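Could you have a look at this structure, given as structure tokens, before my questions?
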Amino acid sequence: MSFQALSERGLVLLGCGKMGSAMLAGWLEGGLAPASVWVKDPFPSDWVKAQGVHVNEDLPANPAIVLIAVKPQMMADALPVLAAMGNGDTLFVSVAAGVTIANYENILGAQTPIIRAMPNTPAAVGKGITAIIGNSNASAAHVDTAQGLLEAIGQVVRLENEGQMDAVTGVSGSGPAYVFHMIETLAAAGEAQGLSPELAMQLAKATVAGAGALAETADETPAQLRVNVTSPNGTTQAGLEVLMNGETGLPPLMTATVKAATDRSKELSNG
């Protein structure tokens, strides 16, 4: 994306923890001038302070973009400071979990262009996936700009409506934790069959990471990749007969898991 407008008017990053720092690193690597970035964070890291960006200085009056990356519980303190920039041509992009567009419109004004985004934690290593949706004031150019910024931390998908954000939260927002737990349980199962804890964990991590990379880059579907590994009456088939059981296996468990996370996301958004 072009950083010209950002260089002229500035970009404000509200909150610069792991997610904010990952985005900032991507932007700086992509050629954004450090002098065009203002970071507001109560506890900026040494890394942030060493990047040449403005840290906790007076903000520009009319920045091109304000990117909100504070934790939701800090939102009430952070946003009133920025309310004066609402109802104008400053684009607000939020990666704060569970905070709806309506919440932002109440604080910033109904005419404010706002884009809500849901990234996930692999963004910290540039392997995230972020879903975005804009309000009626966010133009196609605004959405393109937000996508360009968020592509610094991985893939970006566009939603049809904000209601889909709860399911996105249940799948990709919370999903890394499901995969981490699968690594834990796969390693524990290897231990139960006689492997040392260290070896079992190394095998489990590499297997999940490698399978994920293969699934993302291969032309075949995950279903076909699974079939490719499964010899008739072999070891994989024996394991899959347990894992794929429609009543006791992974399918009903994963459906219930994602539903529980999605339902909780709805509760939090409406709370």
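Readers should treat all values here as calculations from the given coordinates under stated rules, not as data from a laboratory. A quick note: this is a predicted structure, and the numbers were derived from the prediction, not measured. All Cβ positions, glycine included, derive from the backbone under ideal geometry; neighbour counts span all protein chains shown.
Taking a label point 7 Å from the Cα of Leu243 along the Cα→Cβ vector, which residues of region 166-183 have an amide N closer than 20 Å to it?
Backbone N within reach: 171-172, 175-183.
With only alpha-carbon pairs counted, each pair once and no self-pairs, how large is the Kirkwood hydrodynamic radius of region 1-130 in angstroms?
It works out to 14.8 Å.
Also: Run the dipole for the chain about the Cα centre, Lys and Arg Cβ at +1, Asp and Glu Cβ at -1, nothing else charged, and hand back the magnitude in debye, nearest 20.
Working: 13 positive and 24 negative charges, 33 e Å.
The dipole of the chain has a size of about 160 debye.
I need the calculated FRET efficiency for the pair Met74 and Lys259, taking r as the beta carbon distance and R₀ as 41 Å, to the nearest 0.05.
0.90
How much of the DSSP beta bridge set in the chain is antiparallel, as a percent to the nearest 5?
Numbers: 4 of 26 bridges.
In the chain, approximately 15 percent of DSSP beta bridges are antiparallel ones.
When a footprinting reagent is the concern and you count Cβ atoms within 10 Å, what order do Arg9, Arg116 take, fewest first?
Arg9, Arg116
Report D for region 175-270 in µm² per second (integer): Stokes-Einstein, Kirkwood Rh on Cα pairs, 25 °C, 0.890 mPa s.
Using the Kirkwood radius from Cα pairs, D works out to 160 µm²/s.
Taking the Kirkwood radius as the inverse of the mean 1/r across Cα pairs, report the Rg/Rh of the chain.
1.04
If you look at just the Cα atoms of region 68-199, how large are its Rg and its Dmax in Å?
When restricted to Cα atoms, region 68-199 yields Rg and Dmax of 18.4, 64 Å.
I would also like to ask the following. Just to be sure I understand the model, the point goes 7 Å from the Cα along the line to the Cβ. What's the resulting Ala33 to Glu267 distance in nm?
Taking the two extended label points, one gets 4.9 nm.
Sticking with this structure for a sec: Once label points are set 7 Å from the Cα along Cα→Cβ at both Ala188 and Thr207, what is their separation, rounded to one decimal in nm?
Each label point is offset 7 Å from its Cα along the Cβ direction, giving 1.5 nm.
Determine the equivalent ellipsoid of region 1-63 by diagonalising the alpha-carbon gyration tensor, then write out the semi-axes as square roots of 5 times the eigenvalues, largest first, rounded to whole Å.
For region 1-63, the semi-axes come out at 17, 14, 9 Å.
Among all lysine pairs in the chain that are eight or more places apart or on different chains, how many have alpha carbons less than 22 angstrom apart?
10
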